[in-house]
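First the structure, in the form of structure tokens, and then the observations on it.
The values are calculated or read from the model by the stated rules, or taken from the named source; none is laboratory data. Every value quoted in this text rests on a predicted model; they were computed, and no experiment measured them. No Cβ is skipped: glycine too gets one built from the backbone with ideal geometry, and neighbour counts run over all protein chains shown. Keep in mind that these areas ignore ligands, DNA and RNA; they rest on the heavy atoms of the full protein, side chains included. Shrake-Rupley method; radii C 1.70, N 1.55, O 1.52, S 1.80 Å.
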Amino acid sequence: MAKLMDYDRALELFEPVLGFEVHIELSTKTKMFSDAPNYFGGEPNTNITPVDLGLPGSLPVVNGQAVRYAISLGLALGCSIAPTSRFARKNYFYPDLAKNYQISQSDEPIAFAGSVEVELPNGRMFTVPIERAHMEEDAGKLTHVGGATGRIQGAEYSLVDYNRAGVPLVEIVTDIIYGAEADAPELAKAYVSTIRDIVVGLGISEARMERGNLRCDANISLRRRTPEGEPPAPLGTRTETKNVNSLRSVERAIRYEIQRQAAILDEGGTITQETRHWHEDTGETSAGRPKSDADDYRYFPEPDLLPVVPSDELIEELRAALPEAPAIRRRRLKAEWNFTDLEFQDLTNSGLVNEVIDTVAAGASPAAARKWWTGEIARTANAQGVDATTLVTPLQVAQLVALVDDGTLTDRLARQVLEGVIAGEGTPQQVVDARGLAVVSDDGALIAAIDEALQSQPDVLAKIRDGKVQAAGAVIGAVMKAMKGQADAARVRELVLERATALPE
Amino acid sequence: MTNDLTRLTADALATKLAAGDISSVEATQAHLDRIAAVEGAVHAFLHVASDSALAEAADIDRRRAAGEQLHPLAGVPIAIKDVIVTKGMPTTSGSKILEGWVPPYDATVMTKLRAAGLVSLGKTNMDEFAMGSSTEHSAYGPTHNPWDLERIPGGSGGGSAAAVAAFEAPFALGSDTGGSIRQPAHVTGTVGLKPTYGGVSRYGAIALASSLDQIGPVSRTVLDSALLHDVIGGHDPRDSTSLTDVWPSFAEAVRNADVAGLRIGVIKELQGDGFQPGVMERFREALALLEGAGAIITEVELPSVEHAIAAYYLIMPAEASSNLAKFDSVRFGLRVNPKGGGTVEDVMSATREQGFGAETKRRIILGTYALSAGYYDAYYGSAQKVRTLVQRDFAAAFANADVLVSPTAPTTAFKLGEKTGDPLSMYLNDIATIPANLAGIPGISVPAGLAAEDGLPVGIQFLAPAREDARLYGVAAALEALLEEKWGHTLLSQAPDLSSSEMNATDEGAV
Amino acid sequence: MSEITQEQVTHLANLARIALTPEEIVSLTSELGSIMDHVATVTEVATPDVPATSHPIPLQNVFRDDVVGQTLTAEEALAGAPDHDGSRFRVTAILGEEQ
Ligand SMILES: [Mg+2]
Ligand SMILES: [Zn+2]
């Protein structure tokens, strides 16, 4: 177990310097270079053509839709689209790589020089510089057999399924990120989450981290702080942490690496340039392969493929179709909904912005939508240990709000109706009907109950008639009790005063 | 005796088949018999598909009898260079590493041959992965030149050229990366054409160098090559480098052959020094005949040709080193487990050590070097620039000439074993053919006669601008007619009759 | 322009995953040296003003429609494999890691 330095102390001594490589699997119908289905669940080695298997004689052909998706993503990242981009071969031997080269874009990516605005939980806005976004192909899937852990170490043999081979990827590479300081872990999480929002908004990827649709490799190094007036210390040696497959892990892995590297450096040690593997279970990283001169990928332009030269018309068409950037959208919504900073922060942190948008679209007021989602629904989700979005739909919430607004339900009744909806009893209206939860709005029934209450309490009746209107409270309480709470208290009060004068002496 | 059928051209066979004079089974059987008679001496084939060939032939005969409208070449037998992936026939590319591999798919050219009803006789021998000019680098032993069994049949497509020259097949498919169709044609007295790059699909041709490889026809007559080219050519969406051009009928170009007014540019750099006198003699004679028929002979310069071989021997091995990485013992082919076990890396390294021959390993290492960190710009990068210079030279030359001409190779067939110890001298032999591959332009080699000093065939090469393959068929057919008129016979009618010399065949292992 | 050493050839053989014998390394070192002496002349004419040509016939934007085609069956895919478990290709233990 590696020695870790206290996080705050590490930040006092060192400045964290970050960099991310995020791989996005595009949700095209077919693969990057073959017409095999872009789907890799199911029976091994069935979604493959000679191309994906790297059979002798087979040749790649670029999926035009993948190119369009990559351009859209590049534009959404604020990148310039290269007038000419090219595929190259990255040569290295590995059993999951059928041809023993990966077709990727090395020197000439389709998109370059962009930036992404990221909002941190503390409200800080951060601009992450994007170096490039390039197209490439995924590799097959290895299963290691015979080792104790199912990991590569100690395995007797490995099995290869090439269904994933050739799945289209866009790799987004940031420039070096300075200035994150103590927010580095949160920035990492917010960055990946923003990328996820962008690709989901574009509709170009499922972006499910747990399924590997979105994978993040996190580069981190520490730079020793120097006293003011002195020149800055040189950049430290970086490590690249792989296998980080949840937003929470991204944050934890960065924090862990900062603390680990700080402890080593503080004791006069050196950081090895290497890949490190994140272990979700233990919350640690472990050393992987050191970078060496064996990493000579012998890149050269892929002779089987031709340059990609997107027309201005295509780029403008795709630009016009771009959805709003997440950060801009957030700012717009906050203003439109008239939320305070705190209210909006709260909503963002709950991860339920899209649900509120959809609920408002279905007719609810923003305030009510926010109140229900971040209140009762989030509480129930928390108690049940599930995702709030799995409990109810935005439409159901909007219907519930409408029932409150038109006086059919009180807040208290509405909570009971929500409980019924969550229990799967149907739409809010169906729950109201089935459970008989609606506010009694039939004056006849109310008058009967009021008359009975007044007549059973003649002293109270007398006081009301004397003008001591506050005495009506006792009658109202009795009526509400008789109506099992399903009455509008204000209406009851109105009727009580009316009946007190109307009743015969 | 059915043996006569093997002396017919593909065109003549097609005519007899269409007329019902012969059946495809008869034509196929005649060629299988010929193969059985001469293969011991020639060794042109790595796989003879007797059963499937006869079955395919019988199917064509049945369909013809049923009145089905068939392609004009339906039922004509053909030989396939083993670089081409064939469903149901083993495909090795001349390498031990692929021994016994039966591909699960057909190359596009195979799909086209099958659709036209051509009958595949089998797979022809070649230098391993098409790396060579002599077919001596085949892992399965060399092919022998039917004109002189102790000599090379050229390479890498020595098997296809020898099969055609030895009347084992009327025509064949070849592939040409630096001359592998044209140089074997030159040394065997046959015709071979490398199409414009992108003119014929590369899908299913086991890649040597992707930016240089082209599949093309090999035959005894210019018309037969054109007929075959008409079948295999055209756009293929499975090959990104495939041209979308609508091609004219090449057979039509042969039938309309006329050189009157045609400007023929003699390449200054591809004659003289290093070119055998007998080769130059036949070359000049051919030019004189063409001039007599109305062609205008001029001289053109291609100054960058001097660097073409250097550029080629960087680009080709660089691309090859990457293309051949897929032979790793995981998904197909040979696996060698090192003594005492080892990791998958060790298994891959042992497999590639044992599965590849010396020339393949040499070129992989050379190509790996040319691409490796720190050397890329100087070697691969510079070679790509030379390629630009060669293209510019051709563009300038074609401004003054409709076609260019040179001997196809500096010498006639050399002896088996003569150059295997000196790779560089073998490489230099490709001087005349390589420039066309670098520039992507089409080139054809046609027989020009026999060299006086050794009685061996000599070829003449014509080059045309990209997409002008039809021009080559025209000029080649015109020359063929002029020469045959002069000789009073075809060149191949003068080749030794191997069926009688079969017993004296050079022992394969003796070379 | 460059002396090729046995160490270099050994390194290249490792990159190319070929377990060359010591004899092969010796002979390839000298062969490579003489071949490189010859081909290195390309550097003399490849001046900075000359653009590189990677494809002999210039084309661009060659794309495929995103339409599913025919796939191999697992049986066809595995038919030529040296070793498999009925559905996946089997390889000996891997020591190195993914890139
Ligand atoms: Mg591999
Ligand atoms: Zn990548």
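Tell me what chain A gives for mean residue ellipticity at 222 nm when only DSSP H runs of n ≥ 4 count, each as -39,500 (n - 2.57), the sum divided by the residue total, rounded to 500 deg cm²/dmol.
-11500 deg cm²/dmol
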Rounded to whole Hz and in sequence order, give me ³J(HN,Hα) for segment B:436-449 from the Karplus expression 6.51 cos²θ - 1.76 cosθ + 1.60, θ = phi - 60°, writing x for Gly and Pro. 4, 5, 5, 8, x, 8, x, x, 10, 10, 10, x, 10, x
Cα to Cα, under 16 Å, and not fewer than 8 places away if on the same chain: which lysines meet these conditions relative to A:K334? A:K371
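Relative contact order for chain B using alpha-carbon pairs under 8 Å, separation at least 6, rounded to a whole percent?
Normalised by residue count, the contact order of chain B is 18 percent.
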If we count every other residue with Cβ under 10 angstrom of B:I296's Cβ, Lys/Arg +1 and Asp/Glu -1, where does the sum land? -1
Which value at 222 nm does chain B reach when only helices count, each DSSP H run of 4 or more adding -39,500 (n - 2.57), with the total divided by all residues and rounded to the nearest 500 deg cm²/dmol? -12000 deg cm²/dmol
In vacuo Debye sum over C-alpha of chain B, base-10 log of normalised intensity I(q)/I(0) at q = 0.08 Å⁻¹, listed in q order, is -0.44
Got a sec? What order do A:E136, B:E56, B:E150 fall in by accessible area at 1.4 Å, biggest, i.e. largest, first? B:E150, B:E56, A:E136
Could you work out the helix-only [θ] at 222 nm for chain C, with each DSSP H run of four or more residues adding -39,500 (n - 2.57) and the total divided by the number of residues, to the nearest 500 deg cm²/dmol? -10500 deg cm²/dmol
Where the centroid of each part is defined by its Cα atoms, how far is segment A:428-456 from segment B:282-307 in Å? 110 Å
Area of A:R223 that stays accessible when all protein chains are in place (1.4 Å probe, Å², to 10): 40 Å²
Counting only Cα atoms, I'd like the Rg/Rh figure for segment A:334-435, Kirkwood definition for Rh. 0.95
Modelled FRET efficiency - R0 60 Å, B:A19 with B:E301, Cβ distances, 0.05 increments: 0.75
The answer for the net charge of residues other than A:Q65 whose Cβ lies under 15 angstrom from its Cβ, with Lys and Arg +1 and Asp and Glu -1, is -2
Which value, in Å² rounded to 10, gives the accessible area of A:M5 with a 1.4 Å probe and all protein chains present? 20 Å²
Within 10 Å of each Cβ in peptide A:158-165, how many partner chain Cβ atoms are there on average? Round it to a whole number, please. 5
Taking beta carbons within 10 Å but only from partner chains, what does the mean come to for residues B:240-252? 3
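Distance cut-off 21 Å, Cα to Cα: go down the list B:K112/B:K194; A:K99/A:K141; B:K268/B:K486; A:K242/B:K326; A:K31/A:K189 and report the pairs above it.
As for pairs spanning more than 21 Å Cα to Cα, those are B:K268/B:K486; A:K242/B:K326; A:K31/A:K189.
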Can you pull the mean other chain C-beta count within 10 Å for peptide B:369-379? 6
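Per residue, how much accessible surface does segment B:1-160 expose to a 1.4 Å probe? Answer in Å², no decimals. Could you put the intermediate results ahead of the total?
On the way: 4840 Å² over 160 residues.
The answer is 30 Å² per residue.
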Rounded FRET efficiency, nearest 0.05, which uses the C-beta distance separating C:D65 from B:S499 and R0 of 60 Å: 0.65
Taking the Cα centre as origin and putting +1 on Lys and Arg beta-carbons and -1 on Asp and Glu beta-carbons, what dipole magnitude results for segment A:443-502, to the nearest 20 debye? 160 debye
Area of B:L287 that stays accessible when all protein chains are in place (1.4 Å probe, Å², to 10): 20 Å²
Can you tell me the accessible area per residue over chain A, all protein chains present, probe 1.4 angstrom, in square angstrom? 42 Å²
Using a simple spin-label model with points 7 Å from Cα along the Cα→Cβ vector, what separation in nm is obtained for A:S365 and A:R412? 2.1 nm
Using alpha carbons only: equivalent-ellipsoid semi-axes of segment A:405-447, gyration tensor based, whole Å: 21, 10, 8
Percent of alpha carbon pairs in segment A:7-317 separated by more than 31 Å? 33 percent
Pairwise burial B:C, computed as accessible area of each alone minus the pair, summed, 1.4 Å, Å²: 4900 Å²
Show me the three semi-axes of the equivalent ellipsoid for segment B:215-371, from the C-alpha gyration tensor (sqrt of 5 times each eigenvalue), largest first, rounded to whole Å. 44, 23, 15
Output row C,A: buried area (accessible, probe 1.4 Å, summed both chains) in Å², nearest hundred, equals 4100 Å²
Cα convex hull of segment C:6-45 - mean projected area over all directions, nm²: 3.0 nm²
Can you pull the semi-axes for segment C:12-99, root of five times each eigenvalue of the Cα gyration tensor, sorted largest first, whole Å? 38, 30, 12
Given axes a ≥ b ≥ c from the Cα gyration tensor, I'd like to know whether the protein assembly as shown is rounded (a/c under 1.5), prolate (a/b larger than b/c) or oblate. prolate
Percentage relative contact order, segment B:1-145, counting C-alpha pairs under 8 Å, at least six apart: 26 percent
State, as an integer percentage, the relative contact order of chain A based on alpha-carbon contacts under 8 Å between residues 6 or more apart. 14 percent
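Under 10 Å from the Cβ of A:P168, count the other residues' Cβ atoms, weight Lys and Arg +1, Asp and Glu -1, and hand me the total.
After counting each charged neighbour, the total is -4.
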